[in-house]
Amino acid sequence: MVQIGWSVVRLIFWMLAVPFFIGQLFNFILPSDKKHRTFGITYLLGLLIYFAVFEVISIPCMVLIKYSAFKYCIWIYGVISVVLALLGACKYFGFLFTGKDDSADRDIKTSLDYVSDLKSMKIDTKIYFGIFIALVLLQMVMTLVYAPFDGDDAYYVVQSLQAQQLDVMNTVNPYLGRSNLLSHEYRHALAVITMWIAFIAKASGVHATIVAHSVMPLFVIPLVYFVYYQIAKVLFKDMNGESGKKELVPVFMIFITLLMMFGNVSINTPATFLLMRTWQGKTLFCSLVLPMILWIFLLMFEDVEKVREVQGGLKETAKVTAPWWIMLTLVNMFAGMCTSLGAGLGPVFIALLTLILLIVSKRKTVVLGAAVSVIPSIVYVGIYKLLAHGLLHTIFNR
């Protein structure tokens, strides 16, 4: 029982505490208003940086280190993550540089504001929020209790398990037991989300299969609904003194949860992937990456709208703040980490939304921002091509 409790503590540390404090260290990226520097958005920023650091470390380890690659990967990544988290914790609690920081005080005041907003809500709005939270908890419990099996587990989960137990990184084909995967099944190698799950398993002392089937749903499902909640807040924000639109937020969230719960009309729907294949990279891409891209662009459209309200007139140019382009770059890195197709599909979705943003904002600089944000995807595709032609494998064997 003590060992189980210690494993739970380590899971909370590596999956919740470390990303949150990394987000606190880099929250200067976010706009300074309290609407955007919330606990949730700060955690999401930290998580994206957390994933980006792992991708930058894991791929070179996988390609360049022949023996015990995973051991080197987890040590380098673990040390860097802990150092960043400690610096973030020092900043958050006011011990860094100046010896004083108001981050914790500001978060406490923001939390009190949320409590005040909750008290001011109408009773039916509170009931709707309660229904939404109950539905999310139901999904989490059912996913944990039933732990649905999927045929792809024979590949994806076994890759995580091999990394945890054998210190290898995508060098053994789980189907055939054949080595040198990088020269044959290269299309899976760069999607290192399986290696991140293995890192969590190794760091917490929990079996990789348990992390995939039981821990990841409890981690991913609330995160997905948090992103949809942020989308709803932008879509149903009060405008021009009009009130009551915010009360549609919980109704929208209930609608989304019901779509997910009753979306198992095929094995290929996003709802099926979210609730029955939560731990797979393609699930994270369609359920988390694409909604995050949409949310970030909605925030950009919101920036355009604010400027127009101040300056007046539809012919005025509008500025999109830099934080959203940085967030978009991190999301692009995470897309490639989830699935190799993410390096192509993510930029395509971004290009479509950028075209709309260009028309609305009338600023050519949005094209530059979008181009910079997809640089990680271009690098990713370049490495993918080298693997496909066996060039990196040749260098590796030398």
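For the stretch 65-76, the condition holds for at least one residue, the condition being that it is of a type in the set (Val, Ile, Thr), at pLDDT 85 or above, part of a helix (DSSP H, G or I) and in contact with a Lys or Arg (Cβ under 7 Å, 6 or more places away or on another chain).
Out of curiosity, is residue 290 farther than 22 Å from residue 212 by Cβ and either surrounded by fewer than 20 Cβ atoms within 10 Å (Cβ to Cβ) or in contact with a Gly (Cβ under 6 Å, 6 or more places away or on another chain) (or both)? When the stated conditions are applied, residue 290 does not pass them.
Each residue in the stretch 321-343 was checked for being surrounded by fewer than 17 Cβ atoms within 10 Å (Cβ to Cβ) and assigned to a helix (DSSP H, G or I), and 1 pass.
Only one entry of 151, 205 meets the criterion of being over 29 Å from residue 41 (Cβ atoms), touching a helix residue (DSSP H, G or I) at 6+ places or on another chain (Cβ under 7 Å) and either buried (at least 18 other Cβ atoms within 10 Å of the Cβ) or not assigned by TED's automatic domain parsing to the domain that holds residue 82 (or both), and that entry is 205. Take residue 6 and tell me if it is out of contact with any helix residue (DSSP H, G or I) (no Cβ under 7 Å at 6 or more places or on another chain) and surrounded by fewer than 22 Cβ atoms within 10 Å (Cβ to Cβ). Judged against the criteria, residue 6 is a match.
Return yes when residue 181 is under 19 Å from the mean Cα position of the chain (by Cα), surrounded by 16 or more Cβ atoms within 10 Å (Cβ to Cβ) and either modelled with pLDDT of 90 or more or under 21 Å from residue 281 (Cβ atoms) (or both) and no when it is not. Answer is no for this residue. The helices (runs of 4 or more DSSP H) falling completely within the stretch 124-218 that include 3 or more residues that are under 25 Å from residue 8 (Cα atoms) map to 156-166, 193-204.
Say whether the condition of being over 20 Å from the mean Cα position of the chain (by Cα) and either modelled with pLDDT of 95 or more or not in a helix (DSSP H, G or I) (or both) is met by at least one residue in the stretch 12-32. Scanning the stretch 12-32, I find at least one residue that is over 20 Å from the mean Cα position of the chain (by Cα) and either modelled with pLDDT of 95 or more or not in a helix (DSSP H, G or I) (or both), so the answer is yes.
The values are calculated or read from the model by the stated rules, or taken from the named source; none is laboratory data. What you see is a predicted model; the values in this text were computed from it and never measured. Here the Cβ is made from the backbone with ideal geometry for all residues, glycine too, and neighbour counts use every protein chain on show.
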